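The values are calculated or read from the model by the stated rules, or taken from the named source; none is laboratory data. Every value quoted in this text rests on a predicted model; they were computed, and no experiment measured them. Cβ placement follows ideal geometry from the backbone for every residue including glycine, while neighbour counts extend to all protein chains displayed.
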Amino acid sequence: MDYLKAGYPVSRTRACGLLRLAVSSYYYQCHGRGDELPVRSALRRHAALRRRWGYRRLLVLLRREGLGDNHKRVYRLYRAEGLQVRQRRRRKQRLARGVEPAHAPQRPNERWSLDFVHDRLASGRSLRLLTVHDDYTRECLWIEVDTSLSGPRVARALDYLTELRGRPASVLTDNGPEFAGLALERWAHDRQVQHRFITPGKPSQNGYIESFNGKLRDECLNETEFLNLSHARTIIEAFREDYNENRPHSSLGDLTPSEFAAKIARAPMGAPLDRPNPPLAVETIVRKPTSTNPALSF
């Protein structure tokens with residue numbers, strides 16, 4: 001535009017016509033919005049407390065405070081503040097062909113997933129966590145924390161949970177000695193609970209509990225140095241309550257697990273529910289008892 005005006009005796013309107021540029025675009029001047037400060041400060045405040053949350057979950061918290069804005073603008077401010085979370089790259093795994101999909105849970109207490117997580121205290125002593133997860137409501141039902149957890153200890157923890165929430169229809173575990181031992185086998189038989197095992201060496205078949213364990217590791221265990229066993233139990237229980245009560249879950253429509261469970265409880269019988277997305281096709285197997293004791297035969 002400046003070249004045409006300097007080299008040729010043409011008006012601005014004529015020059016815009018030659019360049020196929022709207023005259024309004026030529027005269028337009030950018031006026032930045034002045035309401036970025038509250039959004040920036042709220043992003044920094046939430047990111048300081050939720051150091052491993054991305055901008056999508058932070059956006060849910062902003063909208064809860066009445067600061068809802070276009071997600072693209074929030075993402076721009078999120079990057080401008082340098083709040084990005086570094087993600088670890090993982091190897092891609094080849095999906096098996098011809099695997100029949102497992103039945104997705106359709107109600108609470110239909111399937112609980114169990115797994116172990118390992119960590120250490122500040123003194124170097126080993127720390128072991130048993131996590132129990134409801135695969136439908138995405139609630140973390142319990143985290144048992146101790147330096148050692150045996151099969152009978154797992155059975156006692158499940159007895160405590162059944163008194164609080166009722167008996168599950170099935171439990172899904174890996175093939176660890178605590179899960180494959182006689183104690184949990186007797187517990188499942190006495191309470192008529194189906195015990196299902198994943199294929200050895202394929203933790204992806206227990207994806208719900210593995211996903212939760214990743215969040216537990218990323219947002220709690222890696223962020224805290226536990227001074228002793230009592231300190232670890234207090235911090236981990238606080239994380240479990242915060243996960244169920246405050247953390248939005250994307251597969252539940254950004255509801256928290258407790259909100260989703262309450263929504264199910266309020267729904268009338270037979271009413272359609274917005275269920276979570278079904279999981280990818282996985283394969284599970286039912287392990288036969290190896291004991292010859294007739295009292296444990298199914």
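Some notes on this structure:
- Test for R57: is it modelled with pLDDT of 90 or more and surrounded by 15 or more Cβ atoms within 10 Å (Cβ to Cβ): yes
- Criterion: buried (at least 19 other Cβ atoms within 10 Å of the Cβ) and at pLDDT 90 or above - qualifying residue of T256, T234, T224: T256
Let's see how each residue does on (1) among the aromatic types (F, W, Y); (2) surrounded by fewer than 18 Cβ atoms within 10 Å (Cβ to Cβ); (3) out of contact with any Asp or Glu (no Cβ under 9 Å at 6 or more places or on another chain):
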| site | (1), (2), (3) |
| --- | --- |
| R138 | no, no, yes |
| E144 | no, no, yes |
| T147 | no, yes, yes |
| S150 | no, yes, no |
| R165 | no, yes, no |
| E185 | no, no, yes |
| P200 | no, yes, no |
| P203 | no, yes, no |
| Y208 | yes, no, no |
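- Total residues in segment 232-248 satisfying the condition of being touching an Asp or Glu at 6+ places or on another chain (Cβ under 9 Å) and of a type outside the set (D, E, K, R): the figure is 5.
- All of V145, V171 fail the test of being assigned by TED's automatic domain parsing to the domain that holds Y208, closer than 21 Å to P203 by Cα, touching a residue at least 24 places away in the same chain (Cβ under 8 Å) and of a type in the set (V, I, T), apart from V171.
- Pick from segment 1-49, criterion aliphatic (A, V, I, L, M), assigned to a helix (DSSP H, G or I) and over 40 Å from the mean Cα position of the chain (by Cα), ranking: farthest from R79 (Cα to Cα): A6
- Breaking point among (1) touching a residue at least 24 places away in the same chain (Cβ under 8 Å); (2) among the small types (G, A, S); (3) out of contact with any helix residue (DSSP H, G or I) (no Cβ under 9 Å at 6 or more places or on another chain), for G201: (1)
- Elements of the type helices (runs of 4 or more DSSP H) sitting completely within segment 125-193 and holding at least 2 residues that are in contact with a Leu (Cβ under 8 Å, 6 or more places away or on another chain) and under 24 Å from D242 (Cβ atoms): these cover 151-165.
- Filtering segment 242-252 to residues that are surrounded by 13 or more Cβ atoms within 10 Å (Cβ to Cβ) and of a type outside the set (S, T, N, Q) leaves D242, Y243, R247, P248, H249, L252.
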